[in-house]
Every structure is written in structure tokens, then in C-alpha cells.
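Student: What follows is a structure written as C-alpha cells; I'll ask about it next.
What follows is calculated from the coordinates using simple rules that are stated; it is not laboratory data. Keep in mind the model is a prediction, meaning the values are calculated, not measured. Cβ: placed from backbone, ideal geometry, glycine included. Neighbour counts: every protein chain shown.
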């Protein structure tokens, strides 16, 4: 993808890149087609792809909703996350499906990113340095991290995307939230409690763990 984007002289805003990757999938032909659509849409004067550009060209699919819920969770926007979850429930999406597609992975990535930042002091300024630093760690230090399907190293990209927002949480808070998420998932499966209420409470708990932004003086 990056090679073809360079050939077209396209650069992506970080949020736009995350959304594009989520929507375009892993098929190289599909990725190429979507990049060419963006190239034509932007014309010759503008070369940076924004999140709005991606939204204009790609319909809001289930994958996009998953992304939007995850983004709202990372930003501590409980109201937006709950709104999207309720819309999915009204569309007959199962609460367990929402939990496992939109919430568990996001919380886990936030926790792993925060732990990596604090324990290994990995630079988060750009993807190349972050990825390189992680893959240079001793195997014993990265064995617990998610691996690529082809066995070529750590599946870095989802963790890198979470790194910036992970800085807004305390490690202990994220550990507590991860435990609460797993308990909520179990409650969805094993209890008769209202599924909507379980998800709402969890979203509020995650948002509450996020540190308030520092006030400007």
C-alpha cells in the first residue's frame, strides 16, 4: 500500500490511514483501486488524504462502524460510543459481536501500547521507529505480543495506532479496564443481565479511566 501511495504522491493523515486500512482490507487490488479513487478525487492541488476524504469515497460499512466505536472509546467519548452501539443493537447486531469486534481489541491494544511505552521506552513518533524498536527486542520480551500470520514479526500496526491515545491513560487504569472488559464479555455470555446495560456501563467505565486533558494556563 505505501509503495503505491508514494507512486501516486499521496500522503495520509494518521486517522485517515487507520480508517482506510480498516475499510480497504488486505487485497492488494482493492487497495490499489481505492488509492486511485482518492488520487482522482483530490486532483492535482491537494495530496494529503484526510479522514473526511476516506468517508466520502467509502460507504459506512460494518467495518467502518467498528472503527468509529473503537475511536470513540480511545478518545473517551462515551456518548458517541454508546450512540453507535445502540444503532448497531437496533440493527440486530448482537452485543457479543459488538464486544468482540469493537471493544475488546481496542482495550487490549491500549493496554499493550501503554505497557510497551512504559516498560521498553519505545519511540512513538512514527511507525518505522516504533515497529523497528519492537521487532529488535529480545524474543522473550515480545513473545506475548500479537504476531503476524506469516510469522514475520510482531503485528505492530494496531498497537502503534493505539499508542498516542494510550498516553492519556494510566497503566493501572488500563489493566483494570481490561479486566472489566473481560468480565463484561463473560457476563454477556453467561448471565441474563440486560446486554445494552452491560455495554453502556463498560463504555462509561473505560471513559472514566481516561485522564482529563491538562488545562492551558
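Student: Packing-wise, with mean Cβ within 10 Å as the measure, how do 115-121, 68-74 rank, highest first? Kindly include the intermediate steps, with their values, before the conclusion.
Tutor: Working: 115-121: 15.1, 68-74: 23.0.
Output ranking for 115-121, 68-74: 68-74, 115-121.
Student: Quick check: residue separation of residue 93 and residue 208 times 0.36 nm, minus the Cα distance between them. What number comes out in nm? All intermediate terms of the calculation are to be shown ahead of the outcome.
Tutor: Values: separation 115, 0.36 × 115 = 41.40 nm, distance 2.57 nm.
Contour length minus Cα-Cα distance gives 38.8 nm.
Student: Still on this model: Which order, highest average first, do 85-96, 183-194 follow once you tally other Cβ atoms within 10 Å for each residue and take the mean per peptide? Could you put the intermediate results ahead of the total?
Tutor: Working: 85-96: 14.4, 183-194: 12.9.
Answer by packing, highest mean first, reads 85-96, 183-194.
Student: Taking the Cα centre of each part, how many Å lie between region 127-205 and region 52-101?
Tutor: Between the Cα centre of region 127-205 and that of region 52-101, the gap is 17 Å.
Student: Something else now. Under a point spin-label approximation (7 Å from Cα along Cα-to-Cβ), what is the residue 6-residue 29 distance to one decimal in nm?
Tutor: Between residue 6 and residue 29, the simple spin-label model gives 2.6 nm.
Student: If packing is taken as the average number of other Cβ atoms within 10 Å across a peptide's residues, how do 145-151, 108-114 rank, most packed first? Present the calculation step by step, with values, prior to reporting the outcome.
Tutor: Details: 145-151: 10.9, 108-114: 23.0.
Highest-to-lowest ranking by the protection proxy: 108-114, 145-151.
Student: Assuming 1.002 mPa s and 20 °C, estimate D for the chain with Stokes-Einstein, Rh taken as the Kirkwood radius over Cα pairs, in µm²/s. Don't skip to the end; give the middle numbers.
Tutor: Details: Rh = 18.8 Å.
Result for D is 114 µm²/s.
Student: As a footprinting exposure proxy, order 3, 142 by other Cβ within 10 Å, with the fewest listed first. Walk me through the intermediate numbers first.
Tutor: Details: 3 6, 142 18.
The most exposed by this proxy come first: 3, 142.
Student: In vacuo Debye scattering of region 1-125, one point per C-alpha: log10 I(q)/I(0) at q = 0.14, 0.17, 0.21 Å⁻¹?
Tutor: Each listed q corresponds, in turn, to -0.74, -0.98, -1.18.
Student: Indicate the gyration tensor shape class of region 2-59 (rounded, prolate or oblate), computed on the Cα atoms with a ≥ b ≥ c the square roots of the eigenvalues: a/c under 1.5 is rounded; otherwise a/b larger than b/c is prolate and the rest oblate. Working shown, then result.
Tutor: On the way: a/c = 1.42, a/b = 1.14, b/c = 1.25.
Rounded, since a/c falls under 1.5.
Student: While we're looking at this one, here's another question. Please state the shape class of region 94-217: rounded when a/c is under 1.5, otherwise prolate if a/b exceeds b/c and oblate if not, all from the C-alpha gyration tensor. Could the numbers behind the result be given before it?
Tutor: Working: a/c = 2.52, a/b = 1.42, b/c = 1.77.
Oblate shape, in that a/c is at least 1.5 and b/c is the bigger or equal ratio.
Student: Here is a follow-up. What percent do you get for the relative contact order of the chain when only Cα pairs under 8 Å and 6+ apart count? Mind showing how you got there, number by number?
Tutor: Details: 215 pairs, mean separation 43.4, N = 217.
Relative contact order of the chain: 20 percent.
Student: So if each residue of separation counts as 0.36 nm, and I subtract the Cα-Cα distance between residue 15 and residue 133, what length gain in nm does that give?
Tutor: Details: separation 118, 0.36 × 118 = 42.48 nm, distance 2.23 nm.
Contour length minus Cα-Cα distance gives 40.2 nm.
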